[in-house]
Each structure stands twice: as C-alpha cells, then as structure tokens.
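So the structure is just underneath, and the comments pick up after that.
None of the figures in this text is laboratory data; all of them are computed from the coordinates on show. Just so it is clear, the model here is predicted, and its values are computed rather than measured. All Cβ positions, glycine included, derive from the backbone under ideal geometry; neighbour counts span all protein chains shown.
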Amino acid sequence: MTVDSPQSLAQAAKTGIELCRQDRWKEGLDLLAKVFNSDERTTGEWPRGLVLSYLGYGIARFHNRQKEGLTLCERAVKLEFYQVDAQFNLARTQQLIGNRRAAVATLARVLKLDPEHAGARALQAEMGRRRLPVLGFLGRGNPINILLGRIRHLFSRSG
C-alpha cells in the first residue's frame with residue numbers, strides 16, 4: 001500500500017491499526033511506520049494519537065526500543081487524551097518497561113473512560129492487585145509491614 005496522498009495515508013493508518021489489533025504486528029508496524037514517516041503526514045485526516053500509540057507499543061515490544069516507544073505513547077496521549085486505546089497502549093508499554101505504578105495509574109484512567117475495555121481488564125487481571133499493608137496505620141514501605149507482608153505471603157502460599 002502506498003501512502004502518497006492524504007486519502008491513502010488515512011487508509012494506511014486505519015489498516016495498520018487494524019492489523020495490530022488482529023495481532024499481526026509486523027505488517028501493522030510496517031504500515032504505521034510508513035504513515036509516520038510519510039511526507040504527507042501533516043495533511044489529511046488520520047488518527048495521529050492512535051498511530052503513535054500503536055507504533056510506540058509495537059517498537060517497545062517487538063524492536064526492544066523501549067524508551068522511544070514510551071515517548072511515542074506519551075505523545076499520543078497528549079495529542080488525544082480521550083482516546084482509550086492510546087491510553088491502553090501507554091499502560092502496556094509502561095508495564096513492559098517495568099513501571100508498574102504508572103501502568104496501574106494509566107489502567108485506572110482507561111477503565112474510567114471505558115469500564116468495559118476488554119484489553120485493560122485483562123491486563124489488570126494479569127498484573128494482579130496489591131494487598132493492603134498488614135498494619136494499615138503504617139506505610140507500605142515501613143520495614144515492619146514489609147516483614148509481616150513477606151510472612152503473610154509465605155503462609156498464604158502454603159495453605
């Protein structure tokens with residue numbers, strides 16, 4: 001598919017996003033990269049935030065360029081903060097690079113925008129939820145809570 005006009009650019013963006021959603025990332029990323037690098041990218045109507053977010057998550061996951069991928073996802077969310085899939089791709093990228101706290105916060109925003117978002121619910125279930133501190137009046141990072149939490153974890157596994 002060529003991307004030499006605003007119409008073909010919009011179609012390529014739509015097709016690339018759909019390929020990524022179908023788990024055909026190689027084909028989808030190739031198309032999205034063409035859209036992103038096109039001379040025509042500043043004209044026409046195409047979903048800039050979605051393209052950036054799928055491209056960002058894809059290059060972080062499949063090309064191991066995590067910092068660049070995270071930057072693209074963050075840029076996508078700044079462009080279209082209301083776009084649920086852009087937020088979701090940001091959460092997936094944050095989780096991929098090991099920033100669990102940010103991923104949990106971003107997932108909360110996704111689920112606030114769309115409580116039924118299947119991908120966000122699945123990622124939330126995969127990540128699990130932290131249990132409350134053993135002693136609620138002490139902070140989570142308190143050494144006593146850390147020790148008691150580890151003991152609780154040992155006993156909950158053996159039961």
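Of note:
- The candidate values are (i) 9, 20, 22, 17, 13, 12, 6, 1; (ii) 11, 33, 27, 16, 8, 5, 0; (iii) 11, 41, 38, 10, 1; the one derived from this structure for P(r) over Cα pairs in 10 Å bins from 0, in percent carries the label (ii).
- Value of [θ]222 nm, deg cm²/dmol, for the chain, DSSP H segments ≥ 4, -39500 (n - 2.57) each, nearest 500: -22500 deg cm²/dmol
- Separation of the range 47-78 from the range 82-121 is 13 Å, based on Cα centroids.
- Taking every lysine pair in the chain that is 8 or more places apart or spans two chains, those with Cα atoms closer than 22 Å amount to 9.
- Note on the range 12-106: percent of Cα-Cα distances in each 10 Å bin, starting at 0 and stopping at the bin with the largest distance, equals 19, 54, 25, 3.
- Basic side chains Lys and Arg get +1 at the Cβ, acidic Asp and Glu get -1 at the Cβ, and with that the dipole of the chain about its Cα centre reaches some 1240 debye.
- Ordering of 143-152, 129-138, 48-57 by burial proxy (mean other Cβ atoms within 10 Å per residue, highest first): 48-57, 143-152, 129-138
- Residue among M127, P143, C20 farthest towards the positive dipole end of the chain, charges placed on Cβ: P143
- Max mean-square fluctuation residue, GNM over the chain, Cα-Cα springs under 10 Å, options E68, E18, E126: E126
- Across the range 15-22, computed HN-Hα scalar couplings (Karplus, 6.51 cos²θ - 1.76 cosθ + 1.60, θ = phi - 60°) run 5, x, 5, 5, 4, 5, 5, 8 Hz from first to last residue, x flagging Gly and Pro.
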